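This report concerns only the one structure given below.
The values are calculated or read from the model by the stated rules, or taken from the named source; none is laboratory data. Not measured: the values here are computed from a predicted model. Reconstructed Cβ throughout: ideal geometry from the backbone, glycine too, with neighbour counts over all protein chains shown. Areas reflect the complete protein model, heavy atoms only, side chains present, ligands, DNA and RNA absent. Shrake-Rupley method; radii C 1.70, N 1.55, O 1.52, S 1.80 Å.
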Amino acid sequence: AVQAVGLRLAAQDATLEECRKQVAQLNGLMVERSGIECLSMEQGLVQFYQELDRTPEYLPWGVDFLDENLTAETGDYIVLGGYPSDGKTALALSLAYRQAQDMRIGFFSLETKPSKLFNRIFSSVAQVSGERIKRRTLTEDDHFLLEKRAEEIRGRKLFLVRSSSMTVEDIASYALANRFQAIYIDYLTLIQAPGRTEFDQTTYISKALHRLAQDAGITVVALSQLSRPDSGKIKPPTLSSLRSSGQIEQDADIVLLLYREEPGVLRSRRILDVAKNKEGRTGRVPLLFNGETQTFRVDAGRPIMQNAIPKEPSYEQVQIH
């Protein structure tokens, strides 16, 4: 249709009035393109009361604190940040596996083969040592536990995608073609993107992922490395720790930060910090991490160490009438 309008505009015998009509038609075509929505107050009121009669469906997480406080829906852009080796991939796999019980989930890995990710999932679900799976030294009990959970694994709608050379556009096309309702990207700064510097590339990627979530109605969960403090001392992260670009913090609807309660201690508890939540509460939950099976469980037995809690500047909300 756009090409036809252009040809009519290029016609030698087209009058000024005819050109105005064609330009108006072209503007109409551009405004009606996908991704643009206009809602009047009357339409909003009708839609509001219709929605009240519907039980909302939010993403399940398998962690009570998140299930109670995160109202994540289709089209949200979520970031899970962490320092290297603190378990963010393991946590992401666990969350994706839980959601794949009822949803089609795509897990795009830019640095790990799908077969290795599957081994980690099976180890976690069956509670069998990942090291024994890797070295093929499984016991009879291990085989029994794996067989016991095989049917459950088979039924999950989770798809592991190797995406080492993909762009955001490639990921979007693949996600739409496979009808994924939510996608995980491990991790954000490894996506191919234009730009001379890492800052430019990360800014482009974050904006593109945000548009993908909104325009396609797909929930996007992107993993991100966190920047080390300038002093070199590892400390609990804040939103400003998100690596390379403040655009990530600005674009995200929800930001989760995963870190060790005791920096540098191998068997330290992990703290999962809901650092940003546009439509709900923020807060922290302590997690026990089993590296052998790559599993997390909430530890409500003792409070979070006070010296592990980063101090953020206080903000006040005001009402504007």
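For region 125-168, with every protein chain kept in place, what is the accessible area per residue (1.4 Å probe, Å²)?
70
Spin-label model, Thr55/Arg196: points 7 Å from Cα along the beta carbon direction are separated by 5.6 nm. Output the pairs from Lys157/Lys278; Lys88/Lys276; Lys88/Lys148 with a Cα-Cα distance over 20 Å in this structure; if there are none, say none. Distance filter (> 20 Å) returns Lys157/Lys278; Lys88/Lys148. Potential lengthening of the chain between Glu292 and Arg211 amounts to 25.4 nm, from the contour at 0.36 nm per residue minus the alpha-carbon distance.
Per-residue SASA remark: Asp200, around 70 Å² accessible (1.4 Å probe; ligands, DNA and RNA not included).
Given a 1.4 Å probe and every protein chain left where it sits, what share in percent of the accessible area of region 131-238 is carbon and sulfur? Looking at region 131-238 in its full context, I get 47 percent from C and S. Estimated at the nearest 10 Å², the accessible area of Thr137 is 70 Å² with a 1.4 Å probe. The label point for Glu18 and the one for Gln127, both projected 7 Å from the Cα toward the Cβ, are 7.9 nm apart.
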